[in-house]
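Have a look at the structure below before the remarks.
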Amino acid sequence: MAEVVIVENKDAAGALVADEMVRLIESKPDPVLGLATGSTPTPVYQALRERLAGRDVSHVRGFALDEYVGLDPAHPESYRSVITREVVEPLGLDPALIQVPNGAEETIERAGDDYEQAILGAGGVDLQLLGIGTTGHIGFNEPGSSFASTTRVKTLTEQTRRDNARFFASLDEVPRHCITQGLGTILRARHLVLLAFGEGKAQAVAGAVEGPLSSMLPASAIQLHPHVTVVVDEAAASRLELADYYRYTFANKPAWQGI
Ligand code: GLP
């Protein structure tokens, strides 16, 4: 089962996950990070910024989960721009080593396969950060996504477009299509770290961690992975049936065991 860590607040979540990422970056000559966008991973990037200041990160590679289709990569809300602004620049990563799926319409037919090849060529993702959408999506794998899916184009649900409209001038500007790593792609990463904060995510988190496996709740795919850490605040944990057991487990965690 996933290890569920219930933390006091976002900063505690950021510190816990950033510590693990630093361990990875320091222990491997060629670490590959799986980067996520959205507001959820921000505390992790913030904590990483402090921890990596002044360190050599020229060997760190990274792959983003997803991108909008047909949005100019220079648009401030393209995930290419977001990853550059919130991760690559503040952490001092080498932009040439950080990839984002290519959402250009002209080449979209082969963009998914190209991205899969690039991930395989890098030796796979070591640690994949994940947020969760209110529809239960990870990446942009909306309900109905196959557990075996690879990087491909998806149509966004109206719910997800509304959720993401806050980043755009109007709902009309939110693209209708995206290219996203599939659930099968995500499951190949060696360690999955899913974060969620706030009451609005509680139902999706409970479904993902404790519900039945179902493509109707794509994040439930994490139950198929042997190494998953779910980091949530009290509000996002509020619908977890085994919350007390998760607290007990974490409080009694052997000192030698990382997340
Ligand atoms: C978008 C992203 C997801 C992210 C989700 C939740 O749909 N494609 O990767 O997990 O939003 O966003 P937030 O973290 O802002 O709640």
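Read-outs: derived from the displayed coordinates by stated rules, not from any lab. Keep in mind that what you see is a predicted model, and the values were worked out from it rather than measured. Here the Cβ positions follow ideal geometry from the backbone for every residue, glycine too, while neighbour counts run over all protein chains shown.
Using the Cα centre of the range 1-152 as origin and beta-carbon charges of +1 (Lys, Arg) and -1 (Asp, Glu), tell me which of Gly112, Ser81, Gly123 is placed farthest towards the positive end of the dipole.
Checking the options against the dipole of the range 1-152, the answer is Gly123.
Listing His137, His59, His191, His177 from the residue with the fewest other Cβ atoms within 10 Å to the one with the most, what is the order?
His59, His177, His191, His137
Can you give the local net charge around Ile25? Use residues other than it whose beta-carbon is closer than 12 angstrom to its beta-carbon, Lys and Arg +1, Asp and Glu -1.
-1
When DSSP assigns beta bridges and you keep just the ones with both residues in the range 79-212, what percent turn out antiparallel, to the nearest 5?
If I count the DSSP bridges inside the range 79-212, around 55 percent turn out antiparallel.
Can you tell me the mean projection area, over all orientations, of the convex hull of the range 129-259's alpha carbons? Units nm², please.
8.3
Rounding to the nearest 20 debye, state how big the charge dipole of the chain is about its Cα centre with +1 on each Lys and Arg Cβ and -1 on each Asp and Glu Cβ.
360
Per the Cauchy relation, a quarter of the hull surface: what is the mean projected area of the convex hull of the alpha carbons in the range 1-75, in nm²?
Taking a quarter of the hull surface, the average projection is 7.0 nm².
What is the distance in Å between the Cα centroid of the range 72-119 and that of the range 142-171?
Cα centres, the range 72-119 to the range 142-171: 17 Å.
Counting DSSP beta bridges with both partners in the range 135-247, what percentage is antiparallel, nearest 5?
Beta bridges within the range 135-247, antiparallel portion: roughly 50 percent.
Only counting other Cβ atoms within 10 Å, I'd like Thr180, Thr249 sorted with the fewest neighbours first.
Fewest to most other Cβ atoms nearby, the residues stand as Thr249, Thr180.
Plugging the Kirkwood radius over Cα pairs into Stokes-Einstein for the range 98-205, at a temperature of 10 °C and a viscosity of 1.306 mPa s, what D comes out in µm²/s?
107
How long, wide and thick is the range 192-259, going by the Cα atoms along their three principal axes, in whole angstroms, largest first?
Between the extreme Cα coordinates on each principal axis of the range 192-259 lie 37, 25, 17 Å.
Quickly work out the Glu3-to-Asp30 label distance, labels modelled 7 Å from Cα along the C-beta direction, and quote it in nm with one decimal.
Inter-label distance under the simple model: 2.7 nm.
From the gyration tensor of the Cα coordinates in the chain, what semi-axes in whole Å does the equivalent ellipsoid have, largest first, with each one equal to sqrt(5λ)?
Value: 26, 23, 17 Å, ordered largest first.
Through the Karplus equation 6.51 cos²θ - 1.76 cosθ + 1.60, θ set to phi - 60°, convert the phi angles of the range 220-232 into ³J(HN,Hα) values in whole Hz; use x for Gly and Pro.
For the range 220-232, the Karplus-derived couplings read 5, 4, 4, 5, 8, 9, x, 9, 10, 10, 10, 10, 9 Hz, x marking Gly and Pro.
Give me, ordered by chain and number, the residues 5 or more places off Leu156 or on other chains with an amide H under 5 Å from its own placed amide H.
His177, Cys178
Pulled fully out, how much extra length does the chain show between Glu241 and Ala12, if you take 0.36 nm times their separation in residues and subtract their Cα-Cα distance?
Extending this stretch completely gives an extra 80.2 nm.
Just rank Tyr45, Tyr245, fewest to most, by other beta-carbon atoms within 10 angstrom.
Ordered by Cβ neighbours within 10 Å, fewest first: Tyr245, Tyr45.
What number, rounded to the nearest 500 deg cm²/dmol, is the helix-based mean residue ellipticity at 222 nm of the chain, given -39500 (n - 2.57) per DSSP H run of at least four residues and division by all its residues?
About -9000 deg cm²/dmol.
Amide H neighbours of Asp233 under 5 Å, counting only residues 5+ apart in sequence or on other chains, H built in-plane at 1.01 Å?
Val7, Ala196, Gly198
Roughly how many whole Å is it from the C-alpha centroid of the range 213-232 to that of the range 172-191?
15
Suppose a student asked you for the relative contact order of the range 1-82, using Cα pairs under 8 Å spaced at least 6 residues apart; what percent would you report?
With pairs under 8 Å counted, the relative contact order is 31 percent.
Length gain on complete extension for the stretch Ala118 to Arg188, per 0.36 nm per residue less the alpha carbon to alpha carbon distance?
Full-extension gain reported as 23.8 nm.
Of Ala255, Tyr45, Gln223, which is farthest along the charge dipole of the chain in the positive direction, counting Lys and Arg as +1 and Asp and Glu as -1 at C-beta?
Ala255
Would you be so kind as to identify which of Tyr246, Ser149, Val232 lies farthest towards the positive end of the dipole of the range 145-259, taking Lys and Arg as +1 and Asp and Glu as -1 on Cβ and the Cα centre as origin?
Selected residue: Ser149.
Quick check on the range 3-254: of the DSSP beta bridges with both residues there, what percent are antiparallel, nearest 5%?
25
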